[in-house]
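> Structure incoming, see below.
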């Protein structure tokens, strides 16, 4: 038998990732986009694909575009991803799927977000505005040019007077809002835009029901609220009315069944900001509980070779949504019955789901299991007869050794736990191996039996890789996910118990060559680990948290997330600061002995760069071997969607650091 080839670091740049599934109105066509990397130009391109009668093919070649919506049965609306005609605008194209090239359609006079069609000429969309210039979309070309010149003169300055003043992946956002617009585009392709929301309102979550549309929104000055109201826009009356006006829930995910409005809603009172949203019905007298989930109604399974996307659908009779069950995904179907929403699981498999759309006869999903990179699949409306539609990555994985996840069950802190071990090709119990413990982010995410390029690459480099879902992870309900005020306690012990269980199951792992890494919450845990044990010979801390006090004052989510997760009652006061400091890895830096690599992005506003700088500097002060890599122009999503060269450099840095310290 011919020897299999190893997964290479550079394979990360040849995978093709599908997303954005959208059926045509009749369901005859399924459109989606496929992202591919261009390492030489250090960027990504997106091609539009079309499936019909079980066959998928690429339909755009000369334009970098993504699917927005179907205008009609044979016409796709595409968004051009590069080369704006004018700064701050969005170019839309039309593609006749029966043949021909994508042609320019209209230029939206603002940065476009959500795009939903109400009828042949009316569209409801979200768009970015400035509070101090909310009607800039009406500017003529001369005025737009003048403002662009004024903005350029001020490009060396950021002026902020709101919190959060920046947001990961969006940059500085002080004074910015997402507004709701009505677009009227007539037969001559003339566009008229009308802003429907107040300049200080931040809005989104549009759900179209005929000539009516629901959305959420909240006005604010100074500090953004975590709660919002619900509104209804009626195209026939051209009026916006308030459907739910209390600011006591975070509400979104609207859907309508039998003329009744439903939504996801959380008051965040029992389990804090990470509390699972309930399904409620919005009536005249308020919110009525319809279904209290035991698991999250979305996909929180993580990987580094897949793109997220829509995971819900409603046709007025039933509601379909992704769900996360322990370490994998399912599709739930909800139907009303006797005043409640009754849940039924119509599909459940190991692996992860990333995108979904539904036609009258079929469900289409992007799915990934342990030995395949993401592909498009279709199944019957009842979740049966799942068939693969695309073969985007077969060539990339052809004759490659892919390590199968070997499950390890263990007990920790009285809880039944589960983890996995990836073994190198031709693994021998008689041979000694180095190993890497990989800790996920979130903390409310989960590892599953799904392809993970970084882990497969480390296996190809001769490491055993092991990973688990500790307390704080998703998939097992709010009680299990709740570690508020307990970061670094039960979760840390779970990791140590898992490491012991892996060493017991695989005693040929060299205990002197144990490495560890993690990002985001996993970065926090890496920083915590090095201050509480020296059992690892080297660690790599990625996009981490080291000081909950500084994090709470500078992260885009810090003001709410920091105190909430540390069990503090707020940002101020000695008692609150003590609770934040007690959970901070930096407090225990005087105990660190482990050589540690830090990786951060300079535009990461979720776990900002100073979090890594503080911990790194503390290690330098103690004479501990360390190194900090700062990725310019990247944000919190570096490992998943950073520029191709930067993602490859990240893998190089971590792998070289570990190899250095096991040799």
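The values are calculated or read from the model by the stated rules, or taken from the named source; none is laboratory data. This structure is a prediction, so every number in the text was calculated from the model and none was measured. Cβ sites come from the backbone with ideal geometry, for glycine too, and all protein chains shown count toward neighbours.
> Could you count how many residues in the range 188-201 are without any contact (Cβ under 8 Å) to a residue 40 or more places away in the chain and either part of a loop (DSSP other than H, G, I, E, B) or more than 29 Å from residue 118 (Cα to Cα) (or both)?
Of the residues in that region, 3 qualify.
> Among the residues of the range 208-221, how many are part of a loop (DSSP other than H, G, I, E, B) and more than 27 Å from the chain's Cα centre (by Cα)?
3
> For residue 261, state whether it is farther than 15 Å from residue 207 by Cα and crowded, with 17+ Cβ neighbours inside 10 Å.
Criteria not met by residue 261.
> Name every residue in the range 279-293 that is within 25 Å of the chain's Cα centre (by Cα) and surrounded by 13 or more Cβ atoms within 10 Å (Cβ to Cβ), in order of residue number.
Result: 279, 280, 291, 293.
> Output the residue which, of all residues in the range 131-159 that are more than 13 Å from residue 109 (Cα to Cα) and in contact with a strand residue (DSSP E or B) (Cβ under 8 Å, 6 or more places away or on another chain), is surrounded by the fewest Cβ atoms within 10 Å (Cβ to Cβ).
Within the range 131-159, the match that is surrounded by the fewest Cβ atoms within 10 Å (Cβ to Cβ) is 158.
> Considering only residues that are in contact with a helix residue (DSSP H, G or I) (Cβ under 7 Å, 6 or more places away or on another chain) and surrounded by fewer than 22 Cβ atoms within 10 Å (Cβ to Cβ), look in the range 574-585 and name the one that is nearest to residue 512 (Cα to Cα).
Per the criteria, the residue is 581.
Matching residues to (1) closer than 25 Å to residue 635 by Cβ; (2) surrounded by fewer than 19 Cβ atoms within 10 Å (Cβ to Cβ); (3) touching a strand residue (DSSP E or B) at 6+ places or on another chain (Cβ under 8 Å):
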| position | (1), (2), (3) |
| --- | --- |
| 487 | yes, no, no |
| 517 | yes, no, yes |
| 521 | yes, no, yes |
| 531 | no, no, no |
| 547 | yes, no, no |
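> Which residue pairs have Cβ atoms closer than 7 Å, lie 6 or more positions apart in sequence or on different chains, and pair a first residue in the range 375-388 that is on the phi < 0 side of the Ramachandran plot and free of Cβ contacts under 8 Å to residues at least 24 places away in the same chain with a second residue that is surrounded by 18 or more Cβ atoms within 10 Å (Cβ to Cβ) and outside any strand (DSSP E or B)?
Filtered contacts from the range 375-388: 377/389.
> Please note which strands (runs of 3 or more DSSP E) are completely contained in the range 27-145 and include at least 2 residues that are modelled with pLDDT of 95 or more and over 22 Å from residue 391 (Cα atoms).
Of the strands (runs of 3 or more DSSP E) lying wholly inside the range 27-145, those with at least 2 residues that are modelled with pLDDT of 95 or more and over 22 Å from residue 391 (Cα atoms) span 65-72, 75-80, 90-96, 103-108, 112-117, 122-130.
> Sticking with this one: Determine which member of the set 12, 76 is in contact (Cβ under 8 Å) with a residue 40 or more places away in the chain and touching a strand residue (DSSP E or B) at 6+ places or on another chain (Cβ under 6 Å).
That would be 76, the only listed residue that is in contact (Cβ under 8 Å) with a residue 40 or more places away in the chain and touching a strand residue (DSSP E or B) at 6+ places or on another chain (Cβ under 6 Å).
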